[in-house]
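Q: Shown below is the structure under consideration.
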Amino acid sequence: MGEYGEQGERERRLIATISGKRTSAGLPSVLEALEKAKAALVDIRQFIVQDEFTLTLVIELSDEEGQRETDIVKELLLCAHAMKLFVEFDVVQNRVVSEPGQVFVITMISPVGTASSAFLVDICQVIATYNGNIETITSLSRGSNGFISYEFSVRLPEEDLFRQLEKMREGLLLLGKRARGDIAIQRSGLLQRAKRMVVFDLSYTLISSDANDILFKSAGVEESEEVTKFARSTRSRGLNRREYS
């Protein structure tokens, strides 16, 4: 019988955290070591900051004699040594963790000059005010195109969910306006990651003037009252193919 008793032994899990310089061979080598040790991989997470990567593995430990645990640790240590990586181990008892609530994704984009640490602090404070729990933060853009973008995965409690969500949305939109950026909130899931098309008005939305004025000026013609009237009328009722032709 193991350290935690028969039931506890079946529920033990090994958490291995591997870190070091980023290398394309790192992850394949680690997974090969796990396969060699016949390890039952439960979960895996990897992230990279600058040239440093961190890989976290959660491995099931079901062998009462502990031989499998020894084999897994040995293979991972050999792999880490060969790749000049650091590795840490921790053994925990698996437990069912209740995760009530719903997960939403908050995407923030802002010019480099306004996306300061203080701005991120403000975002986190608004999320916390409405009982949001930040599970992950991912950098989507690092400023090479003049913008910085972050994605927050936030879990909100079920209690009074929609009112809290709306209040949080209002607070975040105010922050985005102040930072000359934009913040979007959507429910997390496969649909959120799918490619979609967004259609919205151009005049006084993306630009601070009427699109017709820009088109007239670009074409080198004077403003046409008839065309302007037609364009404005289609905004309110939608563009009909026969009207356009």
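The values are calculated or read from the model by the stated rules, or taken from the named source; none is laboratory data. Keep in mind it's a predicted model, so treat the numbers as computed, not measured. Quick reminder, even Gly has a Cβ in these numbers, built from the backbone with ideal geometry, and neighbours come from all protein chains shown.
Here is a yes/no grid of residues against (1) under 30 Å from I134 (Cβ atoms); (2) modelled with pLDDT of 85 or more; (3) not basic (K, R):
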{"position": "G5", "(1), (2), (3)": "no, no, yes"}
{"position": "S19", "(1), (2), (3)": "yes, yes, yes"}
{"position": "A37", "(1), (2), (3)": "no, yes, yes"}
{"position": "L57", "(1), (2), (3)": "yes, yes, yes"}
{"position": "G66", "(1), (2), (3)": "no, no, yes"}
{"position": "Q102", "(1), (2), (3)": "yes, yes, yes"}
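Q: Let me ask you something else. Residues that are of a type in the set (K, R), modelled with pLDDT of 80 or more and in a helix (DSSP H, G or I): does the range 175-183 have at least one?
A: Yes, there is a match, as at least one residue in the range 175-183 is of a type in the set (K, R), modelled with pLDDT of 80 or more and in a helix (DSSP H, G or I).
Q: Then there's this: When only residues in the range 19-37 that are assigned to a strand (DSSP E or B) and in contact with a Phe, Trp or Tyr (Cβ under 7 Å, 6 or more places away or on another chain) count, which is surrounded by the most Cβ atoms within 10 Å (Cβ to Cβ)?
A: Among those that are assigned to a strand (DSSP E or B) and in contact with a Phe, Trp or Tyr (Cβ under 7 Å, 6 or more places away or on another chain), it is G20.
Q: Please work out if F152 is modelled with pLDDT of 80 or more, in a strand (DSSP E or B) and within 14 Å of the chain's Cα centre (by Cα).
A: Yes.
So that you can scan it fast, the table gives a plain yes or no per residue for (1) more than 14 Å from M108 (Cβ to Cβ); (2) under 14 Å from the mean Cα position of the chain (by Cα):
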| residue | (1), (2) |
| --- | --- |
| T129 | yes, no |
| T136 | no, yes |
| S139 | no, yes |
| M168 | no, no |
| L172 | no, no |
